[in-house]
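Worksheet: the structure to be examined is printed underneath.
Taken together, the values in this text are just the output of simple stated rules run on the coordinates, not laboratory data. Quick caveat, the model's predicted, so the values are computed rather than measured. Reconstructed Cβ throughout: ideal geometry from the backbone, glycine too, with neighbour counts over all protein chains shown.
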Amino acid sequence: MQYQQLKSQWPDFSQNILDFALQLGLTNLPLVCDHAALRVNDQAAAQVLLEQWQEQGQVISDSIINGRPIYIIALHEPLLLGDWQIDCVELPFPGKPYPQQGWEHIELVLPGNAATIAELEQILDAMTPDIKAVLAANPAIKIKRSAPQAEGERLANPTIAFKLDNICIKVHGADIKAVIASEKEQNNF
């Protein structure tokens, strides 16, 4: 897996994500897409990708989450996904093997500063009143709720992930840069 391969995969990944976002009713909402994430199964390949992505931006976080390093790279030039401009890429080093490598998901920020999964679901339901019907009509869409957290993070960031085949859209309540800033605030105490 190399940066150039990811660049060539971006148009197809983008179209699949946009189609899925439209299906979920997320495309016409005031959402920010704060980052896109990769999946890599090989430690050496992840290291090469990290070096290549550092040519495209700057590492703003290198936290251990669920026992593995996860890097967030703030890009010099955003990735374009429909009307969304994506400022960051998430590069998790391998923890478990993934069925496919490359682009895996995007994360959208829901306005409202949800601190819990219940609050996040309430905001999402209010913004997308048809989403329950869409999910009920398509049992192939998998839903996962989580609250990933790096050591020292002070900002709650509950997440709801929607997955269909090999495409995933996650929604959460806080921008990745705000989460990283909260981690740095904690470390300054």
*Scattering curve values for the range 24-108, log₁₀ I(q)/I(0), Debye with Cα scatterers, q = 0.14, 0.26 Å⁻¹*: -0.49, -1.32
*Which residues does a label at residue 42 reach in the range 80-119, if reach means a backbone N under 14 Å from a point 7 Å past the Cα toward the Cβ?*
94, 98, 101-102
*Amide H neighbours of residue 84 under 5 Å, counting only residues 5+ apart in sequence or on other chains, H built in-plane at 1.01 Å?*
none
*Hey, in the GNM for the chain with a 10 angstrom Cα cutoff, which one of 143, 176, 86 fluctuates hardest?*
143
_Ignoring everything except DSSP H segments at least 4 long, calculate the 222 nm mean residue ellipticity for the chain; use -39,500 (n - 2.57) per segment, divide by total residues, nearest 500._
-10500 deg cm²/dmol
*asked:* Below 15 angstrom from the Cβ of residue 46, what's the summed charge of the other residues (Lys, Arg +1; Asp, Glu -1)?
replied: -2
*Give me the net charge of residue 168's neighbourhood, meaning all other residues with Cβ under 11 Å from the Cβ of residue 168; Lys, Arg count +1, Asp, Glu -1.*
+2
*Give or take rounding to whole Å, what are the principal axis extents of the alpha carbon atoms in the chain, in descending order?*
43, 43, 30
*Relative to the present Cα-Cα distance, how much length would full extension add between residue 135 and residue 161 at 0.36 nm per residue of separation?*
8.1 nm
*Quote the Stokes-Einstein diffusion coefficient, in whole µm² s⁻¹, for the range 90-148, based on the Kirkwood radius over alpha carbon pairs, a temperature of 37 °C and a viscosity of 0.692 mPa s.*
232 µm²/s
